[in-house]
Amino acid sequence: MTGKGKRVKVKGEGGRGALEGGRRFALTPYPLPFTRRACRGFTLLELMIVISVIIILALIVMPLYNRTVQASKEAVLREDLQQMRKMIDQYAADKGKLPSSGQDLVTAGYLHSIPDDPMTENVGDDWNWVMGDDPNLGEGGTGLVNVCSSSGDTDSQGVSYNNCDKW
């Protein structure tokens, strides 16, 4: 007999049928999804190929990810420096003198808090505060004239982050 087996009522089987020849049949109209060989799992070669593909993709993506992280840190640095320099100028215009430290900007209410330097990732006041002559006070008066990062690293164009003229 070829093709589908003939259902035969077998005693002791709880009313379920069996294929001729003693083989059991599924109670669903669909064939079983897995054969005996497919149920054993993946071979070592298949697993090694998948792992190799994942490693290759990771090697391609990691430099792009690192450049993106660096670019975002540089954007935060630019924004923080611009904001602090703007507040130094605003303080000088309002008070008639330059602030003596970065903390003066906070106590006077010009900054909520001194931001963290994104390049050093140190929490707190980790900036290079540049002191200079205060033209409003006359001779001998100094104050805060500029601020830059304290990181010695360089950006993608080779400019140091602690170079106040370029950043």
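Descriptive notes on the structure:
- Just one of the listed residues (Gln70, Gln83) is more than 24 Å from the chain's Cα centre (by Cα), part of a helix (DSSP H, G or I) and of a type outside the set (Gly, Ala, Ser), and it is Gln83.
- Filter result for Ser52 (surrounded by fewer than 16 Cβ atoms within 10 Å (Cβ to Cβ), assigned to a helix (DSSP H, G or I) and among the hydroxyl-bearing types (Ser, Thr, Tyr)): yes
- Subset of the range 96-109 that is over 12 Å from Asp134 (Cα atoms) and not β-branched (Val, Ile, Thr) - its residue that is surrounded by the fewest Cβ atoms within 10 Å (Cβ to Cβ): Gly109
- Scanning the range 147-160 for residues that are buried (at least 16 other Cβ atoms within 10 Å of the Cβ) and in contact (Cβ under 8 Å) with a residue 40 or more places away in the chain gives Val147, Cys148, Ser149, Asp155.
- The residue list Glu79, Glu74, Glu121 contains one member that is in contact (Cβ under 8 Å) with a residue 12 or more places away in the chain and out of contact with any His (no Cβ under 9 Å at 6 or more places or on another chain), which is Glu74.
- Test for Ser151: is it hydroxyl-bearing (Ser, Thr, Tyr), within 31 Å of the chain's Cα centre (by Cα) and under 20 Å from Lys166 (Cα atoms): yes
- Qualifying residue in the range 135-156 (condition: in contact with a strand residue (DSSP E or B) (Cβ under 8 Å, 6 or more places away or on another chain), assigned to a loop (DSSP other than H, G, I, E, B), of a type outside the set (Val, Ile, Thr) and over 27 Å from Gln70 (Cβ atoms)): yes
- Filtering the range 82-112 to residues that are under 28 Å from Val69 (Cβ atoms) and at pLDDT 90 or above leaves Gln82, Gln83, Met84, Arg85, Lys86, Met87, Leu111, His112.
- From the list Asn128, Asn163, the lone residue that is in a loop (DSSP other than H, G, I, E, B) and surrounded by fewer than 16 Cβ atoms within 10 Å (Cβ to Cβ) is Asn163.
- Residue satisfying condition, being touching an Asp or Glu at 6+ places or on another chain (Cβ under 9 Å) and assigned to a helix (DSSP H, G or I), within set Ala75, Ala92: Ala92
The values are calculated or read from the model by the stated rules, or taken from the named source; none is laboratory data. Here the structure is a predicted model, which means the values were calculated and not measured. Here Cβ is always computed from backbone atoms with ideal geometry, including for glycine, and neighbour counts include all displayed protein chains.
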